[in-house]
Amino acid sequence: MGILDKEFSDSNIIITNFDNLMNWARLSSLWQLGFGLACCAIEMMATSASHYDFDRFGVIPRNTPRQADIIIISGTVTLKMALRIKRLYEQIADPKYIISMGSCSNCGGPYWEHGYHVLKGVDRVIPVDVYVPGCPPRPEALLEGLLKLQEKIRNESSVKKTA
Amino acid sequence: MKSSKEIFEILKAEFGDKILELKEDIPVDPYIIVTPDSTEKIARFLHDSSDLQFDSLMVLSGVDDNNPVKTKDEEGTESLSGGTLSVYYHLYSIPLNHKIVIRAVTEKENPMVQSVESVWKTADWHEREAFDMVGIRFENHPDLTRILLPYDWDESSFPLRKDYKNPEFYQGMKIPY
């Protein structure tokens, strides 16, 4: 069920409930923090470009965490960067969401054993909503991840705790 | 254009016992081993001499030679200690179109090599990286601080040494998988 519960046929009035309206607004304009880390960032940029067109889902890159709703962790999270990511995440206003993109930020990827400098999964410092597997994931996979996140937001409730 | 043999002879005539050995029968580029306490003088000569004119330091690398000495105590338990670290300088002369590799070997216990930053500015960050990763200290370097690892990284911890052990935590974040 979408935002429309009932529609009056001869006027511009629709009736819906609060949650549906808020969730629809949130999931349709997920402004993204412009933040790229490694090779995954190249795929993320390809997703933003005209061929895959992230913008059609309302994903627009913003240059400050104050204006962003989601952060896509696109690449290898080093220990040095992990502290910065945590700070950026804390600066994003609620409600905020996180997509972990690619093997590195999911679990350390190829650096899992000998990467003295790599955090083995970004979920050790910030809570992740959607994990996108791949090394790096194709733009289609990132779009799928975004659709999954939209699905998650669609089922949120302002009264009941979901996560 | 000079061969590595000729370059070795020129250096030997100039610096005598500071120039230790020329290694030629190896599958990689031939290299000359020098003592670590005179690299600056040697570098200055390599750069300024009209026969050599090494105006380009292509790369400077710090290496753990992985050659610790095995010692057994009375109960028969083996322990590893000592060994050496090396600095490799890959040099190229643009006007004369010849190359040479210089290697300075230093003790792992107190690794000390003279800085060549005053000769080739390129060496500045390369030496900082060698310090960062394998812990070689460069004498007379203008700013020998960590370059890639965070500044608050454990002072005596150098991750590209062969005997490096991962710490459990860094700033509250668990490091092992």
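The values are calculated or read from the model by the stated rules, or taken from the named source; none is laboratory data. Predicted model, so just to flag it, every value in this text is computed and none were measured. Virtual Cβ from ideal backbone geometry, glycine too; neighbours counted across all protein chains shown. In case anyone asks, the SASA skips ligands and DNA or RNA and just uses the protein heavy atoms, side chains included. Shrake-Rupley method; radii C 1.70, N 1.55, O 1.52, S 1.80 Å.
Descriptive notes on the structure:
- Condition check for A:G108: crowded, with 16+ Cβ neighbours inside 10 Å, under 21 Å from B:G172 (Cα atoms) and touching a Lys or Arg at 6+ places or on another chain (Cβ under 9 Å): yes
- Within the range A:40-62, being open to solvent by 70 Å² or more (accessible area, probe 1.4 Å) and touching a strand residue (DSSP E or B) at 6+ places or on another chain (Cβ under 8 Å) holds for one residue alone: A:P61.
- Set B:K41, B:K2, B:K18: member being surrounded by 14 or more Cβ atoms within 10 Å (Cβ to Cβ), under 25 Å from B:E129 (Cβ atoms) and among the basic types (K, R): B:K41
- On the stretch given as the range B:1-53, residues that are touching a helix residue (DSSP H, G or I) at 6+ places or on another chain (Cβ under 7 Å) and among the aromatic types (F, W, Y) total 2.
- Listed here are the strands (runs of 3 or more DSSP E) enclosed by the range B:62-177 that have at least 2 residues being buried (at least 17 other Cβ atoms within 10 Å of the Cβ) and under 15 Å from the mean Cα position of the chain (by Cα): B:84-93, B:98-107, B:112-114.
- Only one entry of A:L37, A:L33 meets the criterion of being open to solvent by less than 10 Å² (accessible area, probe 1.4 Å) and at pLDDT below 95, and that entry is A:L33.
- Scanning the range A:15-44 for residues that are within 20 Å of A:S158 (Cβ to Cβ), of a type outside the set (S, T, Y) and either without any contact (Cβ under 8 Å) to a residue 12 or more places away in the chain or not in a loop (DSSP other than H, G, I, E, B) (or both) yields A:I15, A:F18, A:D19, A:N20, A:L21, A:M22, A:N23, A:W24, A:A25, A:R26, A:L27.
- Being assigned to a helix (DSSP H, G or I) and among the acidic types (D, E) is a property that B:E14 has.
- Test: residue in the range A:64-81 that is open to solvent by 50 Å² or more (accessible area, probe 1.4 Å), within 14 Å of another protein chain (Cβ to nearest Cβ) and under 22 Å from A:G121 (Cβ atoms): yes
- Residues being more than 18 Å from A:A38 (Cα to Cα), in contact with a Phe, Trp or Tyr (Cβ under 6 Å, 6 or more places away or on another chain) and either within 14 Å of chain B (Cβ to nearest Cβ) or modelled with pLDDT under 90 (or both) - total across the range A:108-146: 1
- Qualifying positions in the range B:22-37 - acidic (D, E) and part of a loop (DSSP other than H, G, I, E, B): B:E24, B:D25, B:D29
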